[in-house]
Amino acid sequence: MSLLPLEAALERLLSDVSPITDEELVPLREATGRVLACDVSALRTQPDFNASAMDGYAVRSAQTASPPSVLSVIGESAAGHAFGGRIQDGEAVRIFTGAPVPDGADAVLIQEDAERLGERQVRVLAVVMPGENVRPAGNDFRQGDVLLQRHARLTPGAVALGASGGHPRLPALRRPRVAILATGSELVEPGAPLGPSQIVASNSYGLAALVEANGGEVLDCGIAPDRVGDIRAQIDRALRDGADIFVSIGGASVGDHDLAAKAFEESGATLDFWKVAMRPGKPLMAGRLGPMRLLGLPGNPSSCMVAATLFLRPLLRRLACLPPIVERTGRLGSGMRANGVRADFVRSMLNPAGDRETPEVLPLDRQDSSLLSIYARAQVLIHRPPHAPPASPGDACRFVVLD
């Protein structure tokens, strides 16, 4: 297959992808980051009583019209311990922030505007108006109000609001399941002894982090040696386990030991494209096997992560019903050479002292696709289109945010 332009490859990948609609109830402590399946309405009113906004004295506001006057203190109202009686003319109740305002009172005189006279009297030093320093019932929300809207991603604040509304669990869309398989007889798990010619399998951990950060759930398929049968077995396993996406790392090129494409085809998969006109990440495959999408990513660390950012991330976010991450515009912090026939994605950083609206983007010095240390430093990818002319410092550029 010839090199497919980047935009055409993305169109093929995403053209018929729809968000997952399966729903599940998720406990509050597991809900952060999930996407709501439907609107969530309040099961209760908050607060469900008139509450004091300050420490002071619950009073009838008319009794403060001509201070200084003296009121009898007939009791106390604290959070969780309401005063049970009713205030009459000439009376006050000591009250604390968040406590129910007693019947008969319509305002709270703050303690700085009151002078306590012994245990049972208080002198009023200021006028208060009806409703002053009182949080009325339903001030935050009322039973039946929509608190959280369908397809919102649950932030910590949204989870707290759902809890306040009386929900121990929240209805969330099922997360896309992404099976990740590292391929290569040279790979060992982090921490395992390294034999001759072996390297640590790191890409699968970076991909797992990317998947979870973008609303997905990881099915870890481990490491498969360079045998078509072993790779096929993991594809079959992922299909049985209900994976929405199967991702293989490595084996996507054309060498004798690059077997991912052969394993895809022998599994009965349809290959949509193979090789994209981009750098890094050219040897990238995409296809499908029944309901499961297949992505074959290159093995070089930067190539793998850049390809995942540009292809796995948008596929995953669409399945998860999350908004796409769009390219932004900045200005170059240094000059760049003319580009060749492939779209180039240059690992770069943002100038922290630059303009936030149109930030200065600083390409990193080394761009070798094997350098994971460079990729880990990068914050963004400068997108250089095919045949882009030379660029000077200050010229406009497009970039993709990595995190």
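Applying the criterion of being part of a loop (DSSP other than H, G, I, E, B) and polar (S, T, N, Q) to the residues of segment 33-55, the residue that is nearest to Met292 (Cα to Cα) is Thr45.
How many of the residues making up segment 302-347 are in a loop (DSSP other than H, G, I, E, B) and among the hydroxyl-bearing types (Ser, Thr, Tyr)?
Of the residues in segment 302-347, 1 are in a loop (DSSP other than H, G, I, E, B) and among the hydroxyl-bearing types (Ser, Thr, Tyr).
Check segment 316-324 and report whether any residue there is in contact with a Gly (Cβ under 6 Å, 6 or more places away or on another chain) and without any contact (Cβ under 8 Å) to a residue 40 or more places away in the chain. No; the residues of segment 316-324 include none that is in contact with a Gly (Cβ under 6 Å, 6 or more places away or on another chain) and without any contact (Cβ under 8 Å) to a residue 40 or more places away in the chain.
Does segment 142-149 include one or more residues that are at pLDDT 95 or above, in contact with a helix residue (DSSP H, G or I) (Cβ under 6 Å, 6 or more places away or on another chain) and not aromatic (Phe, Trp, Tyr)?
yes
Whenever a residue of segment 328-348 is over 10 Å from Pro363 (Cα atoms) and without any contact (Cβ under 8 Å) to a residue 60 or more places away in the chain, its partners that are surrounded by 13 or more Cβ atoms within 10 Å (Cβ to Cβ) and aliphatic (A, V, I, L, M), lying with C-beta atoms within less than 8 angstrom and at least six residues away or across chains, give the pairs Ala338/Ala388; Asn339/Ala388. Do we have any residue at all in segment 23-32 that's more than 25 Å from Phe246 (Cβ to Cβ), in the same structural domain as Leu125 (by TED's automatic domain parsing), in contact with a Ser or Thr (Cβ under 8 Å, 6 or more places away or on another chain) and assigned to a loop (DSSP other than H, G, I, E, B)? There is no residue in segment 23-32 that is more than 25 Å from Phe246 (Cβ to Cβ), in the same structural domain as Leu125 (by TED's automatic domain parsing), in contact with a Ser or Thr (Cβ under 8 Å, 6 or more places away or on another chain) and assigned to a loop (DSSP other than H, G, I, E, B). Filter segment 204-233 for residues that are among the β-branched types (Val, Ile, Thr) and in contact (Cβ under 8 Å) with a residue 40 or more places away in the chain; which is nearest to Leu316 (Cα to Cα)? Checked segment 204-233; the qualifying residue nearest to Leu316 (Cα to Cα) is Val211.
Within segment 101-113, the set of residues being part of a strand (DSSP E or B) and surrounded by 23 or more Cβ atoms within 10 Å (Cβ to Cβ) comprises Ala107, Val108, Leu109.
Taken together, the residues in segment 59-100 that are surrounded by fewer than 16 Cβ atoms within 10 Å (Cβ to Cβ) and either of a type in the set (Ser, Thr, Tyr) or not assigned by TED's automatic domain parsing to the domain that holds Leu125 (or both) amount to 4.
Once segment 343-394 is narrowed to residues that are under 11 Å from Ser302 (Cα atoms) and small (Gly, Ala, Ser), the residue that is modelled with the highest pLDDT is Ala378.
Here is a yes/no grid of residues against (1) surrounded by fewer than 18 Cβ atoms within 10 Å (Cβ to Cβ); (2) touching a helix residue (DSSP H, G or I) at 6+ places or on another chain (Cβ under 9 Å); (3) among the hydroxyl-bearing types (Ser, Thr, Tyr):
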site: Leu219; (1), (2), (3): no, yes, no
site: Phe246; (1), (2), (3): no, yes, no
site: Phe264; (1), (2), (3): no, yes, no
site: Ala269; (1), (2), (3): no, yes, no
site: Trp274; (1), (2), (3): no, yes, no
site: Gly281; (1), (2), (3): no, yes, no
site: Gly290; (1), (2), (3): yes, yes, no
site: Ala307; (1), (2), (3): no, no, no
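With respect to the conditions (1) assigned to a helix (DSSP H, G or I); (2) in contact (Cβ under 8 Å) with a residue 60 or more places away in the chain; (3) closer than 30 Å to Ala107 by Cβ, Pro67 lacks only one, and its number is (1).
Residue check: is Ala286 under 24 Å from the mean Cα position of the chain (by Cα) and not in a loop (DSSP other than H, G, I, E, B)? So Ala286 does not fit the description; no.
The values are calculated or read from the model by the stated rules, or taken from the named source; none is laboratory data. The structure displayed is predicted, hence computed values, not measured ones. For neighbour counting, all protein chains shown are included, and Cβ atoms are generated from backbone atoms with ideal geometry for every residue, glycine included.
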